[in-house]
Amino acid sequence: MIPAWHPHFDVWAFVFVVGFGYAYTIRRIGPYLEVEGPLVTRRQVALFTAGLASLWVVSDWPFHDIAEQRLFLFHMIEHMTLALVSAPLMIAGTPAWMLRRIFTNPRFFPVLRPLTRPLAAFFVFNGILVGIHWPEIVNLMVTSGIYHFAIHALLMAAAIVMWIPVLSPVPELKRLNPPLRMLYLFAHSLLPTIPASFLTFGKEPLYRFYAEAPRLWGIYAITDQTLAGLVMKLGGGAILWGVLVVIWFRWYAYEQRWEALERELRKES
């Protein structure tokens, strides 16, 4: 049975504060800055809204309650959504001038800059992703609201660090060139294979809490764990490969335009 509805005021407050801060900064602060071009585009607003909405959906009832009280499968979908959907959409939907004010803040920049270098970002994100699915950590997370919130905040922070080398429009935090971005994302799609294999091919439930949780929709604990492992590997990999393919097509189109321009210049000369 799905857990009864109850309000998640912490989630509501977070979504309201982030959404209001985004709108307020654009409307009240942006006009006083020397910004080239529009303060924000419709595409950026749509991307940011979609990212914040995806965060809200997996963090509120009923999804969150099923994830934390019934099925580890939903718990894994929640984590993959926060890290691979919400975080990149919100970064892509934030104007460069706003990201610069946030990322280059003297309180954050000295720490953020070394962490967002590709190699460091790779190990930080994957280390945290593997760590938060350790059995003791998961069992503690689902029994402590404070600990649970802290882990999700840590995951979002690690996801932001991970996506900056791919999406950053801020010169101070350099974005990789297209071939290196594709290699970087390919590497990210490989490492989760290790923990996902333990989940997918395990013979016994790894998580005591979910093994003892009331069954939902007739999904047994070991089946729940197997499906969660498949989500981690195949679902997460599909998202990363999807972004990788988009980067390749955009790079190919850019190279084609550049070659066409060179041919035109040669003809004129």
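The values are calculated or read from the model by the stated rules, or taken from the named source; none is laboratory data. Note that the coordinates shown come from a computational prediction; the quantities given were computed from them, not determined experimentally. Note: ideal-geometry Cβ built from the backbone for every residue, glycine included; neighbour counts use all protein chains shown. Just the protein is used for accessible areas: all its heavy atoms, side chains included, with ligands, DNA and RNA removed. Shrake-Rupley method; radii C 1.70, N 1.55, O 1.52, S 1.80 Å.
Here are a few things to note about the model shown:
- Residues satisfying the stated conditions in the stretch 2-41, i.e. among the hydrophobic types (A, V, I, L, M, F, W, C) and touching a Lys or Arg at 6+ places or on another chain (Cβ under 9 Å): ILE2, ILE29, LEU33, LEU39
- Count of the stretch 222-269 residues which are in contact (Cβ under 8 Å) with a residue 24 or more places away in the chain and of a type in the set (Gly, Ala, Ser): 5
- If the condition is being touching a Phe, Trp or Tyr at 6+ places or on another chain (Cβ under 9 Å) and under 14 Å from LEU82 (Cβ atoms), then the stretch 19-59 contributes LEU52, LEU55, TRP56, VAL57, VAL58, SER59.
- Among residues of the stretch 1-17, those that are open to solvent by 30 Å² or more (accessible area, probe 1.4 Å) and either touching a Ser or Thr at 6+ places or on another chain (Cβ under 6 Å) or part of a helix (DSSP H, G or I) (or both), counted: 7
- For the stretch 125-139, the set of residues classified as surrounded by fewer than 17 Cβ atoms within 10 Å (Cβ to Cβ), free of Cβ contacts under 8 Å to residues at least 40 places away in the same chain and of a type outside the set (Asp, Glu) consists of GLY127, GLY131, TRP134, ILE137, listed by residue number.
- Count of the stretch 121-146 residues which are within 18 Å of the chain's Cα centre (by Cα) and farther than 18 Å from PRO171 by Cα: 12
- Summed over the stretch 235-252, residues that are surrounded by 15 or more Cβ atoms within 10 Å (Cβ to Cβ) and not aromatic (Phe, Trp, Tyr) total 8.
- Wholly within the stretch 18-121, helices (runs of 4 or more DSSP H) carrying at least 3 residues that are surrounded by fewer than 18 Cβ atoms within 10 Å (Cβ to Cβ) and at pLDDT 95 or above: 42-59
- Residues located in the stretch 180-203, provided they are open to solvent by less than 60 Å² (accessible area, probe 1.4 Å) and either modelled with pLDDT of 90 or more or over 30 Å from ILE222 (Cα atoms) (or both): ARG181, MET182, TYR184, LEU185, ALA187, HIS188, SER189
- Residue list for the stretch 140-179, filter: in a helix (DSSP H, G or I), open to solvent by 40 Å² or more (accessible area, probe 1.4 Å) and under 18 Å from ARG113 (Cα atoms): LEU154, ALA157, ILE160, LEU167
- Cβ separations smaller than 8 Å between residues 6+ apart or across chains give the following pairs from the stretch 164-187 residues that are at negative phi and touching a residue at least 24 places away in the same chain (Cβ under 8 Å) to residues that are small (Gly, Ala, Ser) and open to solvent by 20 Å² or more (accessible area, probe 1.4 Å): LEU167/ALA92; PRO169/ALA96; VAL170/ALA96.
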